[in-house]
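Just below is one structure, and these are the notes that go with it.
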Amino acid sequence: MLQICSMWLPDPPRRGVKHSTPWSRQKGTFMAPKPQPLPRALLLYLALQFWTWVILLITLLSFNLILHGTAKLLPLSSHYQNIHNCFVDSFRILMLNSPPKLPRQVALRYLLTAWSFFSLLTTTVYSSGFTSLLTSPIYSDPIDTIQNLLNQNIYWGEQSRWLEGHIRNSKNTELQEFGNKFMLENSQADRERRILQGHYAVFCKVLSDSFVTESEKLSPEARQNLRVMEEPVFTFYVGIGMRENSPYTSYFDSTITRLEQGGLIDFWQQLIIYRLGYRYMNTFFTLQNDVIQRRPLSLNSVQGSFYLLATGWVITNIVFLFEIVIKYFKK
């Protein structure tokens, strides 16, 4: 007797059964939401990495302290003996504007010249990064592991509790924690609604990184929102089960090996997927930004600069009111 099956590999193996060489690998994993574009307001700050901003701020503070200290040590009076003037002029130069006038002291002139070159290079790097973000947006981190599912607060469900029990009883603590996020589905429409909300994962089986189960009944809109996670939850193989000491064992093993090495098994599988009309399954293995959508720039593309301007206005009004209050109490 022969049996073609997806073979779980128990320990110890089943008695009286001999497995052939597997010709394909299946993995049980989750289809999770695809990466989504980050808000446009963040583009103004994402042009440089976080630690680059920190180093830039430290450099700005250090330069102003050096400029102020140098002006204090020089015998002639200087515009930069006031720390407020140091910050105002250093910001002007950083924005590629010249200071009101160069100081008479040669040492201060050299300091400001060095800061001007630094500002030119820094502003050029920032402008290039911001331009690239406008033409090619940044997306959120892809979900490829169970830990990613937990970090992004993804939940999952099925129309039965059979799989929930297996996941909660797993020896993997992360998988157990994700199993606690199970919510029973009421219907296929309920699954569709959860997927379109963007925080829902669906368990599936992936055959040879090309065929994805549990996707045939999904709508095109729901399929576009899902991507197969790379980390497997379970792994098993497809092969032929025979009785022990079967005379066909060596024949099937050699034939399967020859067909696999020749690429015929993968070709037949792709041909079947094509003929069944399952070509959409390729989208389950691509990131969202693999499909580039050309869109004209709009006001939303620079909304971060408007937020920055509004913040400046708010700070200005607060300082203005503070100065009025101080002047009132001094009287």
Original post:
Mind checking which residues of segment 96-122 are exposed (fewer than 14 other Cβ atoms within 10 Å of the Cβ) and among the β-branched types (Val, Ile, Thr)?
Top reply: Val106, Thr113
Original post:
Within segment 180-208, how many residues are within 20 Å of Phe285 (Cα to Cα) and of a type in the set (Lys, Arg)?
Top reply: 1
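Taking the condition of being part of a helix (DSSP H, G or I), free of Cβ contacts under 8 Å to residues at least 60 places away in the same chain and more than 30 Å from Ala201 (Cβ to Cβ), how many residues in segment 228-270 meet it? Before the answer, list the steps.
Taking segment 228-270 and keeping what is part of a helix (DSSP H, G or I), we get 249-261, 264-270.
With free of Cβ contacts under 8 Å to residues at least 60 places away in the same chain added as a condition, the list becomes 250-251, 254-255, 258, 261, 264, 266-268.
Remaining after also requiring more than 30 Å from Ala201 (Cβ to Cβ): 250-251, 254-255, 258, 261, 264, 267-268.
Number satisfying all stated conditions: 9.
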Original post:
Within segment 250-268, which residues are touching a helix residue (DSSP H, G or I) at 6+ places or on another chain (Cβ under 7 Å) and more than 15 Å from Ser20 (Cα to Cα)?
Top reply: Ile265
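Determine which member of the set Glu214, Glu221, Glu177 is modelled with pLDDT of 85 or more, in the same structural domain as Thr283 (by TED's automatic domain parsing), closer than 16 Å to Phe284 by Cβ and surrounded by fewer than 18 Cβ atoms within 10 Å (Cβ to Cβ). Outline the logic, then answer.
Details: Glu214 fails: modelled with pLDDT of 85 or more; Glu177 fails: closer than 16 Å to Phe284 by Cβ.
So the residue among Glu214, Glu221, Glu177 that is modelled with pLDDT of 85 or more, in the same structural domain as Thr283 (by TED's automatic domain parsing), closer than 16 Å to Phe284 by Cβ and surrounded by fewer than 18 Cβ atoms within 10 Å (Cβ to Cβ) is Glu221.
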**OP:** Kindly indicate whether Ser208 is assigned by TED's automatic domain parsing to the domain that holds Tyr278 and at pLDDT 85 or above.
**Re:** no
Original post:
Among (1) surrounded by 16 or more Cβ atoms within 10 Å (Cβ to Cβ); (2) under 24 Å from Val212 (Cα atoms); (3) not acidic (Asp, Glu), which single condition is Phe252 missing?
Top reply: (2)
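Given the options Arg104, Arg109, Arg92, name the one that is of a type in the set (Lys, Arg) and under 41 Å from the mean Cα position of the chain (by Cα).
On the way: Arg104 fails: under 41 Å from the mean Cα position of the chain (by Cα); Arg109 fails: under 41 Å from the mean Cα position of the chain (by Cα).
Within the list Arg104, Arg109, Arg92, the selection yields Arg92.
The values are calculated or read from the model by the stated rules, or taken from the named source; none is laboratory data. Remember, it's a predicted structure, so these values are computed and weren't measured experimentally. Reconstructed Cβ throughout: ideal geometry from the backbone, glycine too, with neighbour counts over all protein chains shown.
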